[in-house]
Every structure is written in C-alpha cells, then in structure tokens.
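Step one of this worksheet: look at the structure below.
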Amino acid sequence: MKALYYHYVRPAPADMPHFRYLHLEDFRAQLDYLGEQHGFVERADFLEAARERANVLRGVVLTFDDGLRDHVDYVLPELECRGLWAMFFISTGIYKSGELLTPHRAHHLLGSHGGADMLAALQGRITPDMLVNEHREEFRNNTYADQDNDSATSEFKRILNYFLAPDARKTVLDSLMREYCDEAALFEALYMKPVEIRLLADKGMIVGSHSVSHSVFSTLSPKAQAREITDSFDFLEEASGGLGLRIFCYPYGHSHTYDADTVRLLKESGCCLAFTAEHRDVTADDMAGAPLELPRHDCNAFAHGRASYGSLRPRGDQIASEGAV
C-alpha cells in the first residue's frame, strides 16, 4: 500500500511569489496518474485492515495534513466527483489560539518575502541563549535534506522548528508576523472551520489527529506529549461526531521528531494506526508489527507532484521532492 501525504493544494496564490504548493490542476493530473498506475484502496478494505492489523493492501491511500481550507474548498470536491475517500489529519490547537501553527507562519513569511530576507530578519531577533536543543546536530543533518529549498530557507525553517526554545520561538514569530503579515486575515483564509470537520466525516472521509500544536514531540516531556495526544483526540471526537477509529499523524513525521514515549502514549490513548514521513510503501510487517509507525510517501515524489512556486508551475509530469513542512 502506498500512503501519500499532501499539504497545500490550490490554484496559484496571489501576492506570494515564493510560496510552495501543489497546483490544483497538477493534483487532478496526479489523481489520474495514480488511478491508472496503482489504483486506490477502498475505504472499507482500509478500515478492515486497520482493525485486523494483518492485511496488506494494494493501491494508494491519500492523506492530507494540517486542517487547511484547501482541503475543503478544493480537495473534497475533487475526491467526491471521483468517488474517492481520504484521511485528514488536523492540529486542533488553532481553534483555541486563533494563531497560525508555527510551520504555517514560516511558510507564509517565506512565501511572501523569500528565504534570504526572512533569515536576516530572524537572525536580528535571536540571541545564542534562545537556541536550546541537545539534538541540534542531528536536526541540522537530517532536516530538509530531501527538499530543494535554497540554503537560507532551510536554515530559517530549521531554526524556527527545531532550535529555538518554545517561549523564544513564539516571541520571535509574534514579532515577525506583526511586521510582515496580517495574521488574523491569514487565519480566516487558511484553516477549515470546526463545523467542516464534521462535514468531512459526514462525507465519508476519515478524520485523524495531528496533535494540538504541531510541536516536535521528541522535544516535549512525556506529560506534554500526553496532553497533545489526548486533548486533540477529545476535540476531534466532539467536532466529528465520533471518530470510530483513532488514527494519528506525527508532526514533521521523521524518526528524530518523536520517541518511544510518543508511541507508548498513542497506544495507551487507543490509537490504532499512526503515520510517519518515512518514504516507502506500507508492508504487511508494518501493519502487524509497527502499526503506530506506518510510512508515507511525499506526493511530490510522484508524477505531476512537483511543487509550484508562486505563479510558476512545473512543466509536464516532472517529479521533485519538496515537502511542505
């Protein structure tokens, strides 16, 4: 089984010349390609495999992260007209904070102003004492290596997502957003509403947790990780009208961004499946032996999946590796 993950899927955005996303027309072309080359897993078959944890399925499963408006406005209608289903992983803390998630703040700052300008603005706001992470070298070597960012963009994202202490991160990002973006307007345009979570469930889609705050779990205490898991599932149970199965998607998704406590806590929460960002097929051994660490492919690694930049679209069926987080 090939599980693919997506983030931004939309027509060309206005006023963001550096923004990276999958153009809606390319998404449609990729669905055509996936259907012709691999086929799609039926929802009932997937649910049976999730409960039994023994079956290996042939075909593609689609997953969409972060609870974006794109997924209601553009993805859902496209799935419905094709008779397809998908999983939607939602970070629930936005509905209380009214603020963009940390990676989305970074994406919109970079999309509007570019990596070089944003890195300079960031470096002018931080001091060495704000950079506290004992895994700094591991994160430096293993993050964004499979993306074709320019070096300034990768460093900007790496500092924000991995190296800054949480309080410092929020302070710095608050400052950058005040100066460079209208966060309130972006929030309204970026995320689906809670009532639309119920809409997804009513339409036969599977709603899953992407934590509360989209934090790097390996930097959190077990107690904080437990809150991220429990509170997000509790919110989604109510918003969706009942999840049925509890399915999770790790923020950032790489092996260094969660730990053994995360897996244990997910199991204790009643979660039956969880997805990473390890880029390979799901095997029978994964389903039977590691259902809380299932791999997913970046959609950008398949034909028609190459990221667009502002109004610039790739040509033909080019393939690239350009993750959105």
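Values quoted throughout were computed directly from the atomic coordinates according to the rules given, and no laboratory measurement underlies them. Bear in mind the structure is a predicted one, so any value in this text is a computation, not a measurement. No Cβ is skipped: glycine too gets one built from the backbone with ideal geometry, and neighbour counts run over all protein chains shown.
Pairs spanning more than 19 Å between alpha-carbon atoms, out of 96/193; 157/223; 170/267: 157/223; 170/267. Site pair residue 165 and residue 15 shows an inter-label distance of 3.6 nm when each label is modelled 7 Å from Cα along Cα→Cβ. Computed from point charges on the beta carbon alone (+1 for Lys and Arg, -1 for Asp and Glu), the dipole magnitude for the stretch 176-325 about its Cα centre is near 220 Debye.
Every Cα-Cα pair of the chain was included, and the share exceeding 39 Å stands at 7 percent. Peptides 61-70, 97-106 ranked from most to least packed by the mean count of surrounding Cβ atoms within 10 Å: 61-70, 97-106.
Short-range pairs are left out: with C-alpha atoms under 8 Å and at least six residues apart, the relative contact order of the stretch 1-83 is 44 percent.
Relative protection proxy for 28-40, 248-260, from highest mean packing down: 248-260, 28-40 (other beta-carbon atoms within 10 angstrom). Between the listed residues 221, 302, 287, the Cα displaced farthest toward the positive end of the dipole of the stretch 206-315, a dipole computed from Cβ unit charges relative to the Cα centre, is found at 302.
Here the Karplus curve 6.51 cos²θ - 1.76 cosθ + 1.60, taken at θ = phi - 60°, turns the phi angles of the stretch 97-112 into couplings of 7, x, 10, 5, 4, 3, x, 6, 4, 4, 4, 7, 5, 5, x, 7 Hz, with x standing for Gly and Pro.
With contacts taken as Cα pairs under 8 Å and at least 6 residues apart, the chain reaches a relative contact order of 26 percent.
Note on residue 96/residue 55: beta-carbon distance plugged into 1/(1 + (r/R0)^6) with R0 of 45 Å gives a FRET efficiency of 0.75. Modelled spin labels at residue 284 and residue 199, positioned 7 Å past Cα toward Cβ, are 4.2 nm from each other. Quick check for me: using +1 on Lys/Arg Cβ and -1 on Asp/Glu Cβ, what's the dipole size of the chain about its Cα centre, in debye to the nearest 20? The calculated dipole for the chain is roughly 80 debye. As a rough guide to protection, the peptides 189-202, 116-129 ranked by mean Cβ packing within 10 Å, highest first, stand as 189-202, 116-129. Between the amide H of residue 207 and those of 88, distances stay under 5 Å, these residues lying 5 or more places away or on another chain, with hydrogens modeled in the peptide plane. Helical content alone sets the calculated 222 nm signal of the chain at -12500 deg cm²/dmol, taking -39,500 (n - 2.57) per DSSP H segment of four or more residues and averaging over every residue.
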